[in-house]
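Inspection log for the structure reproduced underneath, given as C-alpha cells.
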Amino acid sequence: MSIAEGDRMNNLERFIRSAYAMFSARTPPAALRQWHQNDPGPTLTYAEQREVAGLLNACTAADVGLHASMSRVRDFNGSSTIYIDIANNKWFSLGIFVLSPGSRIPLHNHPAMCGTIKVIHGEIRITSYTMTEVCGQEVHCIQDPPVLLTKSSPPALLRPDEGNIHELEFVAADVTLPQHNYAAFIDFLTPPYDDTADSNACNYYRVKEGSAEVENQEGKNKVTLIQCPSPDEYSTDVGRYKGPSLKFIAELEAH
Ligand SMILES: [Fe+2]
C-alpha cells in the first residue's frame with residue numbers, strides 16, 4: 001500500500017486492516033477454531049488489546065457511517081437497541097450497538113472473549129463485574145465503579161477474567177445533534193461467537209436482591225449475580241451498515 005492510499009484510508013479501514021494483520025500473523029486460520037475450543041484463553045494479551053484499543057479510539061461516527069445507517073430507522077422498529085454488523089470473520093466480530101433513549105443492554109458476559117468498546121455518539125454508562133466464584137446459578141463478583149463513556153473517552157476493555165460481565169446504559173444523546181437521539185458504541189469482540197458450540201454463548205444475569213455490597217478501598221463492591229433469561233424489555237433489531245465502502249475486506253479475506 002502506498003502512502004497516498006494510507007492517507008485516503010479512513011480510521012475504520014485502518015483499524016480493520018490492522019486487526020486482520022495482527023490476527024492472520026499470529027493464528028493459522030485452520031487451527032483457530034480447534035485452538036479456541038481446546039484453549040479458550042485470552043485471544044489478545046493485555047498489551048495487544050491496548051494496541052487494538054488505540055486504533056479503535058480514532059474511529060468516529062463518521063468513519064462508520066453511523067447516522068447514515070440510522071437514517072431509515074424509525075422508533076428503533078420497536079426494539080430497545082439496534083445492532084449494525086460491520087465485519088464478522090473467524091477471528092473477530094465488529095459492529096455498532098445503538099441504544100435508544102432510556103434503554104440498556106442488560107448484564108451479560110462474553111465467555112473467554114476479549115471485548116473492546118468505543119463510544120462514538122452520546123453518553124453511555126458501563127458497569128463491569130469480575131467473577132470471583134461460581135456457585136451453581138449464582139456468581140460472586142467484584143463490581144467496578146460505573147464509568148461514563150463519551151466519544152472523548154478511550155475504549156473500555158473487558159478481559160476473559162476481568163470485567164467480563166457488564167451492563168451498558170443510555171445516559172444521553174449528543175445535545176448538539178438533536179436529530180440523532182441515541183447513543184452508540186463500536187463493539188469489537190475476539191474471538192467471535194461460535195454458532196456451532198455452546199462454549200461461548202452469551203449469558204444474562206441480574207443482581208441478587210439483598211446481596212452484600214461491601215465497598216473496599218478502591219470503591220469496588222462485592223455483589224452476587226444470578227444467571228437469568230434475557231430480560232423481556234431488552235430486544236435488538238438489526239440495522240444495515242451504510243458507511244464507507246467495505247469492499248477491501250473481500251481482498252483481506254482472500255489472502
Ligand atoms: Fe457486551
So for each of 10-23, 172-185, 223-236 I average, over its residues, the number of other beta carbons within 10 Å; can you give me the resulting order with the highest mean first? 10-23, 172-185, 223-236
Give a residue-ordered list of calculated ³J(HN,Hα) values for segment 163-175 (Karplus: 6.51 cos²θ - 1.76 cosθ + 1.60, θ = phi - 60°; whole Hz; x for Gly, Pro). x, 6, 8, 8, 10, 10, 10, 5, 10, 7, 8, 8, 5
If you take every residue apart from residue 232 with its C-beta less than 14 Å away from the C-beta of residue 232, what net charge results, scoring Lys and Arg +1 and Asp and Glu -1? +1
Answer in debye to the nearest 20: the dipole magnitude of segment 71-134 about its Cα centre, from +1 Lys/Arg and -1 Asp/Glu charges placed on Cβ, is 160
Calculate the FRET efficiency for residue 135 and residue 221 from the Cβ-Cβ distance with a Förster distance of 22 Å, rounded to the nearest 0.05. 0.75
With 0.36 nm assigned to each residue of separation and the Cα-Cα distance removed, residue 21 to residue 48 gains 8.5 nm
Taking the Cβ-Cβ separation of residue 236 and residue 175 as r and a Förster radius of 25 Å, what is the calculated FRET efficiency to the nearest 0.05? 0.45
Quick note, segment 57-99: a/c under 1.5 would make it rounded; otherwise a/b > b/c is prolate and the rest oblate (a ≥ b ≥ c, C-alpha gyration tensor); here it is oblate
Can you run phi through the Karplus equation (6.51, -1.76, 1.60; θ = phi - 60°) for segment 135-148 and list ³J(HN,Hα) in whole Hz, with x for Gly and Pro? 10, x, 7, 9, 10, 7, 9, 9, 9, 6, x, x, 10, 8
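Here, each number is a calculation from the coordinates, and none is a lab measurement. Since we're looking at a predicted model, the values are computed, not measured. Heads up, the Cβs are rebuilt from the backbone with ideal geometry, glycines too, and the neighbour counts pull from every protein chain shown.
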